[in-house]
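Some notes on the structure that comes next.
Just so you know, all these numbers are worked out from the coordinates, no wet-lab data involved. Computed from a predicted model, the values in this text were never measured in an experiment. When we count neighbours, we look across all protein chains shown, and the Cβ atoms used for this are built from the backbone with ideal geometry, even at glycine.
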Ligand code: ZN
């Protein structure tokens, strides 16, 4: 019979960064739900600052509950209603944080999608939300107002309602939607505030150099060190059974624990990650790659992809590919569609391998660890792909039971790309034997 094959001997260059670890938590909460009439994809930051986290969480809960109330029993014959919440989480320095929450609701009940955002700029030292007047010197405010108006007219002439804009944007206006960093202040307007309802959220950048700030901003530089990482040689026996563990919707605060456990057990998995969480979980991902796991693309913010037009769909994929590459120097080769939902538009436009699954643990639905374990292991066969989500603690607990059971049955744990290579090798052998 044929010998064991040796797969992969890779030397990779990864950027390891040493960031200052403050008291801040840097986690993203993810909630993905699918029901008869609705699809829900929510991601939002958890900063570790209780007052801010409570505020954000309450706002999100309200949006979630309102959406469910309005759409859960709304049965459209054509398509489901969708709620998607995306975010910006930007730590300016040890004193200031920006969080934005972007809400997208689409339903055949609506004539066009309902999109809006909310911003939270937090002063950590003062322990309070900031207003634009805490940021910009009063004397410079008229200048700031006029800069904003000019930028809007220049960039959004096709969408703005000029009279409305002139009434709102005056020196008494408080600009409730804004963020800032060490280079610029960004001002936002929701649709219907100064634009027609079908327009996107407007965002205008004004360089900080154009006016005086009330606060002092010093840049916290990241020390970036290039390090050579050698991923160890891996031996897989193609005569023995293989299984691919896959995890969607992460990374999350549980991902690293799962990766550590798999590593200890000499196992690997494939993590289909969301682009909007890559930067926050950079260190987790670096560790995951070092341990021989595979990273896959699961879109940027878990939008319902079959509903997007080709450009929007490609933006979801490409933005995720580039943020993964820029952050951890890794190019995913595999893609899993959100909600497992596929059409020809996706099939014809993607240049990554589309990967579904054979075994669905339904870990997003079942709260019992044993139920998840039993669904993962009961009907398993050689070459299967198991679907899980690394966004739940119960999945972490379940994996610690699943791995020993499958090991006992003689399974080897492989990534999706390794699985493909083994399938190919086995096919070639079959042809040779014939
Ligand atoms: Zn998903």
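Between residue 308 and residue 150, the modelled labels are 3.5 nm apart [label points 7 Å from Cα along Cα→Cβ].
The slack in the chain from residue 354 to residue 367, taken as 0.36 nm per residue of separation less the alpha-carbon distance, amounts to 1.8 nm. Relative to the longest principal axis of the Cα atoms of the chain, the long axis of helix 50-71 lies at roughly 80 degrees.
Scoring 147-155, 108-116 by mean Cβ neighbours within 10 Å over their residues and listing the highest first yields 147-155, 108-116. The share of Cα pairs per 5 Å bin across the range 385-434, counted from zero up to the longest distance, runs 5, 17, 16, 19, 17, 11, 7, 5, 3, 1 percent.
For the range 37-105, what percent of Cα pairs sit more than 15 Å apart? Considering the range 37-105, 57 percent of its Cα-Cα pairs are separated by more than 15 Å.
Considering only the Cα atoms of the range 120-178, their convex hull presents on average a projected area of 4.6 nm². In the chain, the longest principal axis of the Cα atoms and the axis of helix 416-433 are about 30 degrees apart.
Three principal axis extents describe the C-alpha atoms of the range 286-434; from largest down they are 48, 46, 31 Å.
Which angle from 0 to 90°, rounded to the nearest 10, does the C-alpha axis of helix 393-408 make with the longest principal axis of the chain? Compared with the principal axis, the helix lies near 10 degrees. Ranked from largest, the principal axis spans of the Cα set of the chain equal 82, 54, 39 Å.
Across all Cα pairs in the range 343-386, the calculated P(r) in 5 Å bins from zero up to the longest distance comes to 5, 19, 21, 14, 13, 13, 11, 4 percent per bin.
When peptides 259-266, 279-286 are ranked by their average number of other Cβ atoms within 10 Å per residue, the highest-first order is 279-286, 259-266.
Note on the range 76-170: the alpha carbon radius of gyration divided by the globular reference 2.2 N^0.38 Å gives 1.44. Label separation (residue 397 vs residue 326): 3.9 nm, computed from points 7 Å beyond Cα along the C-beta direction.
Compute the Rg/Rh shape ratio of the range 330-408: radius of gyration over Kirkwood radius, all on alpha-carbon atoms. Answer for the range 330-408: 1.03. If one computes the Cα centroid of the range 53-70 and of the range 129-162, what distance in Å separates the two points? Cα centroid to Cα centroid, the span is 29 Å. Considering the chain as a Gaussian network with a 10 Å cut-off on Cα pairs, which listed residue, 166, 118, 241, attains the greatest mean-square fluctuation? Looking only at 166, 118, 241, the largest GNM fluctuation is found for 166.
The antiparallel fraction among DSSP beta bridges confined to the chain stands at about 65%.
Size descriptor for the range 259-324, Kirkwood hydrodynamic radius: 12.7 Å (Cα pairs only, one decimal). Maximal additional length on extending the residue 235-residue 381 stretch stands at 50.5 nm, based on 0.36 nm per residue less the C-alpha distance.
Diffusion of the range 43-83 by Stokes-Einstein, at 4 °C in a medium of 1.567 mPa s and with Rh set to the Kirkwood radius over alpha-carbon pairs, works out to 109 µm²/s. Which length gain, in nm to one decimal place, applies between residue 260 and residue 133 when the Cα-Cα distance is subtracted from 0.36 nm times their residue separation? Contour length minus the Cα-Cα distance gives 41.1 nm.
When the alpha carbon gyration tensor of the range 101-230 is reduced to an equivalent ellipsoid, the three semi-axes, largest first, read 29, 23, 15 Å.
Residues 74, 271, 335, ranked from the fewest to the most other C-beta atoms within 10 Å, line up as 74, 335, 271. Helices in the chain, meaning DSSP H runs of at least 4 residues, each add -39500 (n - 2.57). Divided by all residues, the mean residue ellipticity at 222 nm is -9500 deg cm²/dmol. When only alpha carbons are used to place a centre, the range 85-119 and the range 277-292 end up 25 Å from one another. Using the Cβ-Cβ distance between residue 432 and residue 196 with R0 set to 51 Å, the FRET efficiency works out to roughly 0.20.
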